[in-house]
1. Can you pull out every residue in region 93-106 that is crowded, with 20+ Cβ neighbours inside 10 Å and modelled with pLDDT under 95?
2. Can you tell me which residue is farthest from ligand 2 (Cβ to nearest atom) among those in region 4-37 that are at pLDDT 95 or above and either charged (D, E, K, R) or closer than 12 Å to residue 217 by Cα (or both)?
3. Please pick out the residue among 199, 230, 234 that is surrounded by 20 or more Cβ atoms within 10 Å (Cβ to Cβ) and either modelled with pLDDT under 95 or outside any loop (DSSP other than H, G, I, E, B) (or both).
4. Go over the candidates 11, 25 one by one and state the one that is farther than 30 Å from residue 190 by Cβ, surrounded by 14 or more Cβ atoms within 10 Å (Cβ to Cβ) and either away from ligand 1 (no atom under 16 Å from the Cβ) or not polar (S, T, N, Q) (or both).
5. Considering 165, 177, 213, which residue is at pLDDT 95 or above and over 28 Å from residue 127 (Cβ atoms)?
6. Condition (residue is in a strand (DSSP E or B) and more than 19 Å from residue 169 (Cβ to Cβ)) applied to region 74-88: is it met by at least one residue?
7. Give me a count of the residues in region 126-142 that are in contact (Cβ under 8 Å) with a residue 12 or more places away in the chain and either surrounded by fewer than 17 Cβ atoms within 10 Å (Cβ to Cβ) or over 14 Å from residue 160 (Cβ atoms) (or both).
8. Just to verify a result, which residue in region 28-47, among those that are more than 9 Å from ligand 1 (Cβ to nearest atom) and assigned to a strand (DSSP E or B), is most open to solvent (accessible area, probe 1.4 Å)?
Amino acid sequence: MDLHLEHVTLVYPDGESTLTAVDDVSLTVPSGTTTALLGPSGSGKSSLLAVAGGLTPPTSGSVTLGDGEPLFTTTTTRDVATRARLDRIGFVFQQPQLIASLTALEQLELLSHLRGKRPSAAREHALSVLDAVGLGPWAHKRPGTLSGGQRQRVAIARALAGSPDVLLVDEPTSALDHERGTEIIELITSLARELGAATLLVSHDESTLDAVDRREQLVDGRLVETSPRTSPGTSPGTGEAA
Ligand code: ADP
Ligand code: MG
């Protein structure tokens, strides 16, 4: 399902005054595609993801899915938002945020349990998702014995295991080298396409983003530019400027 942000504004209290972290952002991410969100530090990228994923209610505006159903609005309660996150949203953060005592498989099973899935079906599905991110042989390893790239793959598998409509990814490659980072972005975009997840991916490393479908730029909380991806095979010089 397509993800729509409609006139989303997020204002934080800031001492006596306020700080507008996200300023009237409207954006559609079509189902199965990945949009990269670029912008300087402090431009509101993480704040926008927090609203898109129902971690923070917008000050004004709304988040809806393709069927027009409002997902997160100014009046969405915490309980409703929590349930919607569990059922419809996958998050991947800068650090994988895995639980040290659980194996890769158990990280995924924990969420299936919270979703009320049958344990045997959940295990089979979790194993297939770990396979899809290339971690089949590591399913029974704990995070401490995995590399940084493998840990981030577990986090991606965990985010996708619930077949979310929306995948939100915040700087997933900042702890990885260029090659690992590029692989992770390629993996995310291809899984998003396969699973039909509308994916919004924050990055400040443009050099890893060849695989994404679209790029958007935030400055001071505002969307300033939309540039379509350069199609493979077009002549050099037709792409967007760096
Ligand atoms: P980015 O992810 O692009 O670096 P953020 O969304 O983290 O930007 O921050 C945008 C602005 O909002 C910054 O000025 C930041 O200091 C401020 N900000 C972020 N989170 C909070 C918060 N919880 N409370 C108050 N201000 C915040
Ligand atoms: Mg951020």
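The values are calculated or read from the model by the stated rules, or taken from the named source; none is laboratory data. These numbers come from a predicted model, not from an experiment. FYI the Cβ positions are ideal-geometry reconstructions off the backbone, even for glycines, and counts take in every protein chain you see. When the accessible area is computed, the model is the full protein with side chains, heavy atoms only, and any ligands, DNA or RNA have been set aside. Shrake-Rupley method; radii C 1.70, N 1.55, O 1.52, S 1.80 Å.
1. Correct list: 96 only.
2. My answer is 6.
3. Working: 230 fails: surrounded by 20 or more Cβ atoms within 10 Å (Cβ to Cβ); 234 fails: surrounded by 20 or more Cβ atoms within 10 Å (Cβ to Cβ).
Answer to the selection: 199.
4. Working: 25 fails: farther than 30 Å from residue 190 by Cβ.
Exactly one of 11, 25 is farther than 30 Å from residue 190 by Cβ, surrounded by 14 or more Cβ atoms within 10 Å (Cβ to Cβ) and either away from ligand 1 (no atom under 16 Å from the Cβ) or not polar (S, T, N, Q) (or both), namely 11.
5. Working: 165 fails: over 28 Å from residue 127 (Cβ atoms); 177 fails: at pLDDT 95 or above.
213 is the lone residue from the list that is at pLDDT 95 or above and over 28 Å from residue 127 (Cβ atoms).
6. Our first condition is that a residue be in a strand (DSSP E or B); within region 74-88, this holds for none.
Scanning region 74-88 turns up no residue that is in a strand (DSSP E or B) and more than 19 Å from residue 169 (Cβ to Cβ).
7. Initial filter on region 126-142 (in contact (Cβ under 8 Å) with a residue 12 or more places away in the chain): 126-127, 129-130, 132-135, 138-142.
Checking which are either surrounded by fewer than 17 Cβ atoms within 10 Å (Cβ to Cβ) or over 14 Å from residue 160 (Cβ atoms) (or both) leaves us with 134, 138-142.
The qualifying residues number 6.
8. The first filter runs over region 28-47 and keeps only residues more than 9 Å from ligand 1 (Cβ to nearest atom), leaving 28-36, 38.
Those left that are additionally assigned to a strand (DSSP E or B): 28-29, 34-36, 38.
Numbers: 28: 54, 29: 2, 34: 0, 35: 1, 36: 0, 38: 12 Å².
So, considering only residues that are more than 9 Å from ligand 1 (Cβ to nearest atom) and assigned to a strand (DSSP E or B), the one most open to solvent (accessible area, probe 1.4 Å) is 28.
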